[in-house]
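Take a look at the structure set out below.
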Amino acid sequence: MVYITYGLVEYLIEEEIKKIIKDNNVDYYNIEKFDLENTNIKNIIDSSLTVSLFSNKKVIIVENSYIFTGTTKKNIDQNIECLEKYLDHINENTILIFKVITEKLDSRKKIVTKIKNYGKVIEFNKVSNLKDLVYKMFNPYKINHSLIEFLIDRVGNDLYILNQEIKKIKTYKDEDLFITEDDILVLTHKNINTDIFYLIDNIVSNNKEKALESYYEMLKLGEEPIKIIVMVANQFRLIYQVKELYKKGYREYDIMDILEQKQYSIRKASERINKFTSNQLLNYLNKLSELDINIKSGLIDKSIGLELFILEI
């Protein structure tokens, strides 16, 4: 069988791959992993045709399977025809799983259509009910729904991060099956990326009051003002770069390649490009650069530097 597992919710993709492995009773020693960004597809097909020495079945997982998207990589010339021929004569003892973190596949490509016909394509773009899923992730530990909301607000809605934090809590609790608010506060870290996006959104919306509230909260949590300034500058720089590349006619996948950013980051920046002119963005970047220099030179107190920036723009 040949699978394409794709989407933006990587945690669900990983869970599906684990399920496929479990359902087919494949052990650890019969799992191979490749990365298509540094491996030729022919090597993967050759491995798919090779019989396992230890079992009737084996699983091959191929990371970064960009050949099914609109993006291209210049470092390796991939022989797609090799994969097309393999689909005509699939080795039934090999489970070949292509994994790609992308919102959509390029349905115009022949290879995508062929795998839909000969294999299985599974999408993981949405979580139907995040709270219910988090509740299941805590099983057999007991947690009420208000604490689940508290945990999501604290660490963000990235399932991979949530899963890591939940594992940490369960390990700490050991045989005590009841999760408390103190457990979450003591054992988890507030996700600064979530706060940065919130801060940027309020700066973009010219909501100075909420932007300052967010900034003050981050300071209370012990975040360094210089670090916050750098993260804000990085976000404005990304918005500027995405805006300019769209102007030049580049598509989203091209921009991901050029800037070496994940689709989620490009998408978030794209949502903001019409809020500013290019000159405004360059002006903000210059101000943040000057602010950084002035703080490091001792001309401005680091705690009030970003506060002044928020009030001035």
Filter result (over 30 Å from residue 267 (Cβ atoms) and either of a type in the set (A, V, I, L, M) or at pLDDT below 95 (or both)) within segment 92-108: 92, 93, 95
Does any residue of segment 291-313 turn out to be at pLDDT below 85, outside any helix (DSSP H, G or I) and aliphatic (A, V, I, L, M)? yes
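Yes/no per residue for (1) over 24 Å from the mean Cα position of the chain (by Cα); (2) in the same structural domain as residue 153 (by TED's automatic domain parsing); (3) at positive phi:
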position: 65; (1), (2), (3): no, no, no
position: 85; (1), (2), (3): yes, no, no
position: 90; (1), (2), (3): yes, no, no
position: 96; (1), (2), (3): no, no, no
position: 99; (1), (2), (3): no, no, no
position: 104; (1), (2), (3): no, no, no
position: 108; (1), (2), (3): yes, no, no
position: 114; (1), (2), (3): yes, no, no
position: 134; (1), (2), (3): no, yes, no
What are the pairs, 6+ residues apart or on separate chains, where a residue within segment 227-238 that is buried (at least 17 other Cβ atoms within 10 Å of the Cβ) has its Cβ under 7 Å from a residue that is among the acidic types (Asp, Glu) and assigned to a helix (DSSP H, G or I)? 229/292
Consider residue 302 carefully, then state whether it is in contact with a Lys or Arg (Cβ under 9 Å, 6 or more places away or on another chain), in contact (Cβ under 8 Å) with a residue 40 or more places away in the chain and over 23 Å from residue 205 (Cβ atoms). yes
Among residues of segment 178-227 being part of a loop (DSSP other than H, G, I, E, B) and in contact with a Lys or Arg (Cβ under 7 Å, 6 or more places away or on another chain), the residue modelled with the highest pLDDT is 179
Candidates 159, 177, filtered to the one that is buried (at least 18 other Cβ atoms within 10 Å of the Cβ), touching a Phe, Trp or Tyr at 6+ places or on another chain (Cβ under 7 Å) and over 15 Å from residue 214 (Cα atoms): 159
Boolean, residue 3 is in a strand (DSSP E or B) and either surrounded by 15 or more Cβ atoms within 10 Å (Cβ to Cβ) or at pLDDT 90 or above (or both): yes
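The values are calculated or read from the model by the stated rules, or taken from the named source; none is laboratory data. None of the values given here were measured: they were computed from a predicted structure. Glycine also receives a Cβ, built like all others from the backbone with ideal geometry; neighbour counts cover every protein chain displayed.
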